[in-house]
Amino acid sequence: MPDRGQRKLTDDTAPVTDSDSWTLTGARWLQVTFEAARDSVLAALPCEVTRTVPCYARLFVVEAGGSPAGPVQLAALLAGGRYMLQPRNILARGVVDGERDAVAAAFGPAFGPGSVTLSRDGARVTAAIDGDVTVELPSLRAIDRTMLRWDPWIGVAGIEGEPRMFECALEPVIDRAFLTKSATLASSGERGSVWQQFRCLNMVSACYAEGTLVFGKRQACAPAAE
C-alpha cells in the first residue's frame, strides 16, 4: 500500500477569500525538483495525498512586474505527491516579497512575508529566499517551450468554514524556456526549520522560463477524510 500523508487539517486554518485566476505579467520563474527526506514529505501531505517513490520536493520562485497585487516576488516550497492518482505539488511553505495579504487571500495561509530575489545574468540564474536558501542555475540551455510541464498545486485553507484542500492549475504562456543539468540548492536555515527539513538530498531537474504566468481559479477538493 502507498504511504499516505500525515498532515492534519485544523479548524483554525485561515480562509481563501480570492478564488479568481491570477495573471502575472513580465514574469520570470524557476523550478527545481529534488529528492527530499521521506518523513518531511509525508508530514507536508494531507491524508488524501500519497507520496512518490522516491520522495521529491520542488522549489518554485517567480518575479513578476504585474499581478493583481502589483509587482511581486514569490517562493513556494512544494512537496511532490499524487492525488486521485495524478501528480500534484502540495504547498508546504510560501514566502511573499510584496503584498502578502493579497497573496495569502488567494493561495492560503502557507504564504508569509519575507525576502525573495531572482536574477539572471546571461546563462546564469540565481535566487535567494530569506537569506536561508540559495539556488543557482548555471549554464542555461535554451529548449522548446513545449518541453516543460507544470503540475497543479494543492493548498490547504478554510473554505466554506471548513479546513479543505484546494487545487490550482498553472497555465503559463512561455516566451523563452531553458534547462540546466548543474543546478544547486543550498539551505542554511535554523535547525528544524522547514528549509532544513526539506534540504536537497539529490538534484533531479531544474528549469527557467520567462513570459506570462497564469494561476487558475482555486477549486475546492473533496472534503478531507477523517
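The values are calculated or read from the model by the stated rules, or taken from the named source; none is laboratory data. Computed from a predicted model, the values in this text were never measured in an experiment. In this analysis, Cβ positions are derived from the backbone assuming ideal geometry, glycine residues included, and neighbour counts consider all displayed protein chains.
Structure notes:
- If you go through the range 95-121 and pick out every residue that is at pLDDT below 95 and under 26 Å from LEU179 (Cβ atoms), you end up with 0.
- Identification of strands (runs of 3 or more DSSP E) wholly contained in the range 129-226 with 3 or more residues that are polar (S, T, N, Q) and surrounded by fewer than 19 Cβ atoms within 10 Å (Cβ to Cβ) yields 202-215.
- Pairs are defined by a Cβ separation below 8 Å, a sequence spacing of at least 6 or placement on different chains, a first member in the range 35-58 that is more than 17 Å from GLN86 (Cα to Cα), and a second member that is in a loop (DSSP other than H, G, I, E, B) and among the charged types (D, E, K, R); the pairs so defined are ALA36/ARG199; ALA37/ARG199; ARG38/ASP3.
- With respect to the stated conditions, LEU118 fails to be within 14 Å of the chain's Cα centre (by Cα) and either in a strand (DSSP E or B) or among the aromatic types (Phe, Trp, Tyr) (or both).
- Test: residue in the range 103-111 that is part of a strand (DSSP E or B) and either at negative phi or small (Gly, Ala, Ser) (or both): yes
- Set side by side, the residues ALA69, ALA64 differ, and just one is touching a helix residue (DSSP H, G or I) at 6+ places or on another chain (Cβ under 6 Å) and either of a type outside the set (D, E, K, R) or not in a strand (DSSP E or B) (or both), which is ALA69.
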